[in-house]
Amino acid sequence: MKTIISPSILSADLKILGSQVRAAREGGADEIHVDVMDGRFVPNITFGPDIVRACKDSSDLPVDVHLMIVEPEKHLKNFIEAGASTVTIHYETCPHIHRSLQSIRELGAKAGLTFNPGTPVDALNILADLVDQVLIMSVNPGFGGQKFLPIALQKIKQVNEILKDNDSNAIIQVDGGITSDTILEVYRAGARNFVAGTAVFGHPEGIAAGIAALRAALA
Ligand code: DX5
Ligand code: ZN
């Protein structure tokens, strides 16, 4: 399975978002990760559907939308119509998670399910056939630039087993503290989609160098 690098615009220079997305594309990114935060599920407030549209219109990269918001089911249509290819929702925010995941696919996007560091992944045993992506948070969501939490490694391994047991070809994505120092052990645990904000948009030699450093660490 191809390794996906998914730069998070949370760390991009928002004054020049379009050119940052294009630079990520030229630097070899496979998709663009948009971290949506509502100031309720997580302390920070970030982006809405218009920013998804802006990213979608800036390059041909798929836009991977991570909804760190309460009641995400109310906003699925707007984010998907704005151009989201994948919409990932938090298990912790959906009392009707089974229905919410079905709705994402019915609206024409790939369905992602994500768990915070402190949330067990056991529910995946009954939701595996509804997801195209499982995102394991390796930081407590809300801000970029945080330190990788090693607890994520055992959860990635567990998700890998559950997906195999369910004959699922969903991809395992990891988000938070992914750098050239942490990416290889995360890959070995079973992840194939890597969200990186600081390591890409904050790289001292620029975006392409940030992506290249992540790929070099996997080589
Ligand atoms: C949750 C966000 C961040 C971001 C990645 O807070 O999802 O994890 O995407 O941030 P870095 O790569 O800077 O840790
Ligand atoms: Zn994210």
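The values are calculated or read from the model by the stated rules, or taken from the named source; none is laboratory data. Since we're looking at a predicted model, the values are computed, not measured. Because the Cβ atoms are built from the backbone with ideal geometry, glycine has one as well, and the counts that use them run over all protein chains shown. Surface areas here come from the heavy atoms of the whole protein model, side chains and all, with no ligands, DNA or RNA. Shrake-Rupley method; radii C 1.70, N 1.55, O 1.52, S 1.80 Å.
Points worth noting:
- With a cut-off of 15 Å between beta carbons, the residues surrounding L184 carry a summed charge of +2, where Lys and Arg count +1 and Asp and Glu -1.
- Spin-label model distance (nm) - D122 vs V70, 7 Å beyond Cα toward Cβ: 2.6 nm
- Taking label points 7 Å from Cα along the Cα-to-Cβ direction, Q146 and R105 give a separation of 3.0 nm.
- Full extension of the chain between D129 and N166 gives 12.6 nm of extra length, using 0.36 nm per residue less the Cα-Cα distance.
- Here is how the number arises for the chain: DSSP H runs of 4 or more residues each give -39500 (n - 2.57), the sum is divided by the residue count, and the result at 222 nm is -10000 deg cm²/dmol.
- Mean projected area of the convex hull spanned by the Cα atoms of the stretch 4-218, taken over all viewing directions: 10.3 nm².
- Whole-number accessible area per residue in Å² for the chain, which is evaluated in the context of all protein chains at 1.4 Å: 43 Å²
- Fluctuation leader among K155, K110, K164 - the chain, Gaussian network, Cα springs under 10 angstrom: K164
- Among A170, A123, A196, residue whose mean-square fluctuation peaks in a GNM of the chain (springs only between Cα atoms under 10 Å): A123
- Distance between the pseudo-spin-label points of L184 and I16 (7 Å out from Cα toward the beta carbon): 3.3 nm.
- Antiparallel %, DSSP beta bridges [both residues in the chain], to 5: 5 percent
- Neighbour net charge for A23 - beta-carbon separation under 15 angstrom, K R +1, D E -1: -3
- Lys, Arg +1 and Asp, Glu -1 on Cβ, resulting dipole of the stretch 4-218 about Cα centre, debye, nearest 20: 140 debye
- Net charge, P150 excluded, C-beta distance under 14 Å - Lys, Arg +1, Asp, Glu -1: +2
- GNM result for the chain, Cα springs below 10 Å: residue of G190, G118, G145 fluctuating most strongly: G118
- Just the protein heavy atoms count here, and of the accessible area of the chain at 1.4 Å, carbon and sulfur take up 51 percent.
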